[in-house]
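For reference, the structure discussed in these notes is given below.
The values are calculated or read from the model by the stated rules, or taken from the named source; none is laboratory data. Because the structure is predicted, anything quoted here is derived from the model rather than measured. When we count neighbours, we look across all protein chains shown, and the Cβ atoms used for this are built from the backbone with ideal geometry, even at glycine. Just so you know, the surface numbers come from the protein's heavy atoms only, side chains and all, with ligands and any DNA or RNA stripped out. Shrake-Rupley method; radii C 1.70, N 1.55, O 1.52, S 1.80 Å.
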Amino acid sequence: MTIRAESVHVEHGTASGASSSSLDVRSRRRIGEILVEMGAIGPDALREALARQAESEDRIGEILVRLRHCTDADVGKALAAQYELPFVAELPEVDVDEAIVEQVPISFAHGNRVLPVRHDAEAGVLEVVAADPLRLLDLDDLGEIFDARVSVTLAPLDVVTDAINRVYAKHTKDVDLERKEETFEEEDEDILHASAEEAPIIRFVNSLIFNAAKEKASDIHIEPQEREVIVRYRIDGVLREVKRAPKAHLSSIVARVKIMAGLNIAEKRLPQDGRIRRRIAGKEVDMRVATVPTAHGERITIRLLDKSAMMLELESIGMAPDHMRIVDEVIHRPHGIFLVTGPTGSGKTTTLYSCLARINRPDLNILTIEDPVEYQLPGISQVQVQPKIDLTFASGLRSFLRHDPDVIMVGEIRDLETAEIAIQASLTGHLVLSTIHTNDAATGITRLVDMGVQPFLVASSLVALQAQRLVRRVCDACAQPHRPTPEELSEVGIDPDAFFAGKPALLRPVRDGDGSVLPVRAPDGRRPPPPGTVFAANPEGCARCNFTGYRGRTGVYEVLMISESIRRLAIRNADAAAIKQRALEEGMRTLRDDGAHKVLAGVTSLEEVMRVTAEEA
C-alpha cells in the first residue's frame, strides 16, 4: 500500500510552505471546536470534557474518546483538518520495505506514533503515517536518517499502533529450534544456566512472548509431551497450538523462563511462581509465571497482563444500561457487600477495578488486598497477599479495619474467616467489594452459607451480586449475516415471531429506571446486523482477526439486587434455585438473556452465547 500526501511535506521539522510558528496549536482552531463543527460531538460533551481536562493533563481528544463521546477516527479527522494534512481511516495492508524497518527501531515508531511506509530515494521523499501532529517536529530525525523530505498522512492512533505491530512482527524472525536429539547427561545448575543463555533459546522464548503479546493472548502454555514440547496460546478464551519444539530443548526453555522470572532453576520437583515485567511493542506487559512438574517434565504457564489494555470504565466492559444503573447505585452506597461471581478468567478483577476507578476520589479512603496486584490505581492503597509471611486475605482485611477505610476490595473470599471479617466490615459502615467462585449470582448467597456464615448475616450484609462471563466479539470487518432458526432464537431468550417481524424480540428486555423497554442498539463504531439476521463469525476470518472470525471479548452479566423478598429467602436458607426464580420474577436478566441482547446488537454470535452459558441449558 502506498500512502501519498503530495500537498504537505515536513522538512527539517517544518511543513513545506509554512513557518514553524504556524504549526503551533495556539494559532489554529481548537480541536473541540472542530469536532463540534463536524457533528461528532455536541456542546455539552465538549463542556464535560473541558471540565475533566482541568483536573488532568490529558489532551481533550483523549478525554472525549475515553468518555465515548467520539471515536479515535473522529479525533484523527479533526486533527487532519486542524493541521491541513491528509487523513486515512484504515491501513488494512501496509507493505513496508525491510530496509526501512531495520533503520527505524520499533521503540521510535511507537514513541513517536509514526510508521514509515515508503522511501523514494530518487525523489528524496519518505512517506509516513502518523497519529500525532504535535510530534511532526520530531520527524526531522527521520528526514536526516533517510536524507529525505517527510510526507505525512494522519490516521487514528489505534490504526497506527496496530499497523506498527503488524509490520514489525512480519519482519521479526520467528525462531524454530533445530530438531536434534542431543540431551544433557548432567543437568546441574551451571549447565542449565549456560544452555539457557544460548542465543537460539533466548530468541525462541522471546519470540513466544512477543508473538503472544502481538496476538493479544492471555496465556502461554509450554507443555512437555513424551517426544516434543507443545506451545499453545489462549486467545479470546480459546486455546490454539502455535509451535512445537524438540524434547531435547525442554530443560533450556524452562531454565530461560525461570531466569527471566527470578525462579530457582535447580528446583524441578516443586511448583514455583514468579513474575516477568517487559516492555513489548511500546506497551507495559506484566507476566505471571507458574511451573509444575509433570510426568514428562516441567510445564510452564505464563499469564500476560497488558496494562495499557486494561479498561477502567464501566461503560467499556459491555454492561447494558440496566446493569450499569444498578451497579452504579450499589458502589456509591456507604456500606454493604457487592460480590462479583464467575469462573477464573471471566473478567471479575477488571470489573472490580472499573468500580474502584469510578468511585475513586480524594475524600474516600480506599484499600485493596489482592493476589496479585494486577494494576496499580493512583490514589488507592493496594496490598499484595504473601502467604509465606502469613499475609492472607483474612489477616490483611483485619488490619484494614484499623486504617479507617471507606471502601475495601478483597481479591477473593475463599474461606469462612475472610467471609466473616468482610461481613463484619460491611455491618460497621464500610463498602466491601469482592469476588467468589460460583456459576451464577444466586449461588453466591448459598456458597457463603456453605462456608459456615450464618444466613441472617449473609442476608443483612449483601446488597447485590453480579455473575459474569466473557464472550468473543465477532470481527466487525468480516462478520457474516446469518438467518437463525426459530429454535436457535428461542434457546437464547429471543422471541422468533417478533424477531422476524422486526419488533422488539427479547423475552426479558433491557428496561430503564421507570420500567420502559430500551431499544437494542449497536455499540459505537459497530454496524448492526441486517433486519431478520444476526452476525455469525466468518469461518475463514480476515487479517484483522487473525483469520479466526472473532476479535476481542466483551462481558455478559447477570445482576441480582438483594430485595426484601430475597433477603427473607436467604434468612430461611432457601436453595439457589428458589432465590434465582424469585429474582427472575422481580426482573433480573440472566447471563443468557444478556448474551441475547448482545447478539441482537451485533456484538457476538449465537454460538458464543450458547458456549459460555451452557450451564443454563
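Numbers at a glance
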read-out	value
Largest-first ordering by accessible area, 1.4 Å probe, given options 251, 107	107, 251
Distance (nanometres) between label positions extended 7 Å along Cα→Cβ at residue 277 and residue 306	2.0 nm
Portion, in percent, of the accessible area of the stretch 267-399 that falls on carbon or sulfur, probe 1.4 Å	52 percent
For a label point 7 Å along the Cα-to-beta-carbon line of residue 490, residues of the stretch 577-597 with backbone N under 19 Å	592-593, 596-597
Residue among 340, 365, 254 farthest towards the positive dipole end of the stretch 233-391, charges placed on Cβ	254
Antiparallel %, DSSP beta bridges [both residues in the chain], to 5	70 percent
Gyration tensor (alpha-carbon) shape descriptor, the chain, a/c threshold 1.5	oblate
Estimated FRET transfer efficiency when R0 is 60 angstrom, pair residue 406-residue 480 (beta carbons, to 0.05)	0.75
Label-to-label distance, nm, for residues given as residue 497 and residue 316 (7 Å Cα→Cβ offset)	4.4 nm
Most to least accessible of 122, 102 (protein chains only, probe 1.4 Å)	122, 102
Cα-centred dipole magnitude for the stretch 25-65, charges only on beta-carbon of K, R (+1) and D, E (-1), debye, nearest 20	260 debye
Lys, Arg +1 and Asp, Glu -1 on Cβ, resulting dipole of the stretch 405-558 about Cα centre, debye, nearest 20	740 debye
For the chain, Cys with no neighbouring Cys Cβ under 4.7 Å	70, 355
Cβ charges +1 (Lys, Arg) and -1 (Asp, Glu), total dipole of the stretch 232-381, debye	1040 debye
Positive-end residue, the stretch 54-128 charge dipole about Cα centroid, Cβ charges, pick of 71, 108, 119	71
Average accessible surface area per residue within the chain, 1.4 Å rolling probe, Å²	47 Å²
Chain lengthening between residue 373 and residue 144 when straightened (0.36 nm per residue, less Cα-Cα)	78.0 nm
Farthest toward positive dipole pole in the chain [+1 Lys/Arg, -1 Asp/Glu at C-beta], among 99, 480, 302	480
Within the stretch 48-63, backbone nitrogen closer than 13 Å to the virtual label 7 Å beyond the Cα of residue 358 toward Cβ	none
Accessible area (Å², 1.4 Å probe, nearest 10) - residue 247	60 Å²
Nearest-10 value in Å² for the accessible area of residue 70, using the 1.4 Å probe	10 Å²
Length released on extending from residue 328 to residue 269, taking residue separation times 0.36 nm less the Cα-Cα span	16.5 nm
Extension gain (nm, one decimal) between residue 344 and residue 416, 0.36 nm per residue minus Cα-Cα	23.9 nm
Accessible-area composition of the stretch 31-131, carbon plus sulfur, in percent [1.4 Å probe]	47 percent
